Amino acid sequence: MISSNKARSIWMRLFNISDILRNTSYYLLEKNKVQFNFAKFPIVQFFFERPDARPAMKDLLAITGLSSGAVSQAVDALIEDGLLEHVRSEQDHRSFLIQVTEQLREFRKTPLRHFEKMLEAFRQYSGITPEEMAATEEVFVRLAESRTGGELAVIRQPSDLSVPGLVSHEWNGREYLNTLPVWNLILHFATNLKIPVMVYYYGKRGRMTLGKLRLLNYLFHLSGHNIGSPSVKDLAARFRVPSGVVSQTLNAMIQDGMVERVPSPHDRRMNGIRLTQQGLRMRRQCASSYTCFMQNFFSLIEPEKINVFERDLDLTLQFLKSEEGRAFLMPGETYDPYL
């Protein structure tokens, strides 16, 4: 079994890469005036992967692992955005299915072309061989499958966190996952690993949004490195959003009991933001769950494939930091080890 430090390093790097890809996806879509949140993204991601799918609402609940209220609100908002629509089931005319609109099919083309070019640029930059790429893709397929009923146990109900995972469902399987490009597998895996644990630990106390999730992760890593308590201005600069948006998100997180304001040691007129003991405890439990999962998973992988996978992960990070890689990212986006 790999060490806990190596397991933690792997999931943190994977989360960073997935956040960069997700943020770039948002950027490409939001140019079309489409806004995303924590619940919308996995639903849109599902339809990006399967534009011809027509799931029922219960299917989306199982696929995302989110609450029925969160999925219903997200689907309603996406219908209002003109990206999804209801159609009657041919088997049961009293039931409705959900499908993409032509508008979403058109929007989908831009990110797909963008990431195909990005993946080709990575291959040229890294000099990775077809054999190495195939080995890495195999690990990613097995990672994604393990979140959806493959090699490891899965969550059967939200409170079952012995091994964090996603509810097993017929839409997910190795035959399908083998068709996805590696960048899509990264998003698929990281989304499926984050959602069930974060919804369970945090969502019971307050509605989770992407803004809350990013602030929670950032504050957690700052606390782990004894970097201090950033101000609202610091956080606004770091995430390139208005201070008012940060304040609104923090107020909700304070109400949820996750963070608190503390006097700044440098300026008494200013307040810093830090996680409460409750926030730290919950985030540490999440981190422990991720680390445990990675250790269990890589105990099933051949050592030589682990070495290739880690090398390719490092090459990916080097690419994202390079001039060639940054050209494909959202403006101002960079790899950040504290996210």
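Sort out for me the Cα centre separation of the range 82-99 from the range 233-259, rounded to whole Å.
38
Which residues' amide hydrogens lie under 5 Å from the amide hydrogen of Met330, considering only partners 5 or more residues apart or on another chain, with H built in the peptide plane?
Amide H neighbours of Met330: Thr24.
Given the pairs Lys40/Lys212; Lys117/Lys233; Lys109/Lys212, which span a C-alpha to C-alpha distance of over 25 angstrom in this model?
Result: Lys117/Lys233; Lys109/Lys212 exceed 25 Å.
Between Arg311 and Glu175, with labels modelled 7 Å along Cα→Cβ, what's the label distance in nm to one decimal, could you check?
Roughly 3.4 nm, to one decimal.
Once you have a ≥ b ≥ c as the square roots of the Cα gyration tensor eigenvalues for the range 216-295, tell me rounded if a/c is under 1.5, and otherwise prolate or oblate according to whether a/b is larger than b/c.
Prolate is the answer for the range 216-295, as a/c is 1.5 or above and a/b outweighs b/c.
Starting from the Kirkwood radius over alpha-carbon pairs of the range 82-136, derive D by Stokes-Einstein at 4 °C in a medium of 1.567 mPa s and give it in µm² s⁻¹.
The calculation lands on 89 µm²/s.
Rank these for me by crowding, Lys58, Lys305, going from fewest to most other beta carbons within 10 Å.
Lys58, Lys305
Amide H of Met270 versus every other amide H placed in the peptide plane: which residues, excluding those fewer than 5 positions away on the same chain, fall under 5 Å?
Under 5 Å from the amide H of Met270: Ser264.
Round to the nearest 0.05 the FRET efficiency obtained for Lys109 and Arg274 when R0 = 35 Å and r is the Cβ-Cβ distance.
About 0.20, to the nearest 0.05.
How big is the dipole moment of the range 209-293 about its Cα centre under a simple scheme where the beta carbon of each Lys and Arg is +1, that of each Asp and Glu is -1, and everything else is neutral? Debye, nearest 20, please.
The dipole magnitude comes to about 80 debye.
Taking 0.36 nm per intervening residue step and subtracting the Cα-Cα distance, what contour gain separates Gln35 from Ala252 on full extension?
Length gained between Gln35 and Ala252: 76.2 nm.
Can you tell me the dipole magnitude for the range 1-100 around its Cα centre, using point charges on the Cβ only (Lys, Arg +1; Asp, Glu -1), in Debye to the nearest 20?
The calculation lands at about 480 debye.
Every number in this text was worked out from the coordinates using simple rules, so none of it is lab data. All figures in this text were calculated on a predicted structure; none of them were measured in a lab. Because the Cβ atoms are built from the backbone with ideal geometry, glycine has one as well, and the counts that use them run over all protein chains shown.
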